[in-house]
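Visitor: Quick one: this structure, given as structure tokens, is what I'll be asking you about.
Coordinate-derived values only; no laboratory data. Here the structure is a predicted model, which is why all the values come from computation and not from measurement. No Cβ is skipped: glycine too gets one built from the backbone with ideal geometry, and neighbour counts run over all protein chains shown.
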Amino acid sequence: MFNIVYKGNFQSENQLVNNDKLSEKAVPFKEGKELNDLFNLGFILELPVIIPIMFLTIFKIQSMEGHIVFNLKTIFVIAVAFLVNYILKFIHEYIHAILYPLKSKKTIWKYTSNGAYFIYCNTKISKLRFIVISLAPMILLGIIPFVIWLFIADKIDLTISVVYVIMTWIMVFFAMGDLANVYNTIRQVPKNAKVFNYGLHSYWINE
């Protein structure tokens, strides 16, 4: 329906670009030579988000009654959380994909080295749309669920509550690369330019 295809293991950029030629007018993002450069920038950008979330979490848990007992129930809750977390990795990428133009081809890949997933779509989109696409998973899977937790934390089982909030942290951490893309887009892309992916890098172009 949304023209999204899961392609499996990613091995080289040739799988993404095929025979597509990059326009001479395209300007590459200044984002470092290695993928880790992008994640390192994203980690720094995440600190103003994740640190307040952690402090609010600690403050909230300290005000709650009871304590966590490590028993079969706790093990079960953690096991379910791992499963849900694995599913949320896919949902994170599908949120990206759904927000691209409906007719555009979107492919989802898995890095064989670290088990992470990413979406690839080379459709040219507006600067604002690219920012929205980048931020949406973190907001929908991390920020909003965390805000909900603040209101329900003391109304549900303590073990479930703690595991739930940690999962919201993880969903925010997953967005490191996305935040770096947003930062680079805001700083580097002209107002009316289009943004697109080519291989493992982002570009902008004035058409």
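Visitor: Tell me which residues, restricted to region 136-168, are surrounded by fewer than 19 Cβ atoms within 10 Å (Cβ to Cβ) and closer than 20 Å to VAL189 by Cβ.
Guide: ALA136
Visitor: Out of VAL147, VAL132, which single residue is in a helix (DSSP H, G or I), among the β-branched types (Val, Ile, Thr) and over 15 Å from the mean Cα position of the chain (by Cα)?
Guide: VAL147
Visitor: Just checking, does region 189-196 include any residue being closer than 16 Å to ALA97 by Cα, in a strand (DSSP E or B) and over 16 Å from the mean Cα position of the chain (by Cα)?
Guide: yes
Visitor: Would you mention how many residues in region 31-81 are of a type in the set (S, T, N, Q) and in contact with a helix residue (DSSP H, G or I) (Cβ under 8 Å, 6 or more places away or on another chain)?
Guide: 3
Visitor: Would you confirm, using the coordinates I've provided, whether PHE2 is in contact with a helix residue (DSSP H, G or I) (Cβ under 7 Å, 6 or more places away or on another chain), within 20 Å of TYR203 (Cα to Cα) and either loosely packed, with under 15 Cβ neighbours inside 10 Å or of a type in the set (Phe, Trp, Tyr) (or both)?
Guide: The answer is no for PHE2.
Results for (1) without any contact (Cβ under 8 Å) to a residue 12 or more places away in the chain; (2) of a type in the set (A, V, I, L, M); (3) more than 28 Å from THR123 (Cβ to Cβ), shown as yes or no for each residue.
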residue: GLN11; (1), (2), (3): no, no, no
residue: LEU16; (1), (2), (3): no, yes, no
residue: LEU22; (1), (2), (3): no, yes, no
residue: THR57; (1), (2), (3): no, no, yes
residue: VAL77; (1), (2), (3): no, yes, yes
residue: TYR100; (1), (2), (3): no, no, no
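Visitor: Scan region 89-98 and give yes if some residue there is surrounded by 16 or more Cβ atoms within 10 Å (Cβ to Cβ), of a type in the set (Gly, Ala, Ser) and over 17 Å from ILE170 (Cβ atoms), otherwise no.
Guide: yes
Visitor: Could you tell me which numbered condition ASN40 fails, if it satisfies all but one of (1) within 18 Å of TYR111 (Cβ to Cβ); (2) touching a residue at least 60 places away in the same chain (Cβ under 8 Å)?
Guide: Against the list (1) within 18 Å of TYR111 (Cβ to Cβ); (2) touching a residue at least 60 places away in the same chain (Cβ under 8 Å), ASN40 comes up short only on (2).
Visitor: Here's something else I'd like to know. Taking LYS103 as the residue in question, decide whether it is charged (D, E, K, R) and surrounded by 10 or more Cβ atoms within 10 Å (Cβ to Cβ).
Guide: no
Visitor: Of all the helices (runs of 4 or more DSSP H) wholly in region 14-123, which have at least 2 residues that are under 19 Å from LEU141 (Cβ atoms)?
Guide: 35-62, 72-99
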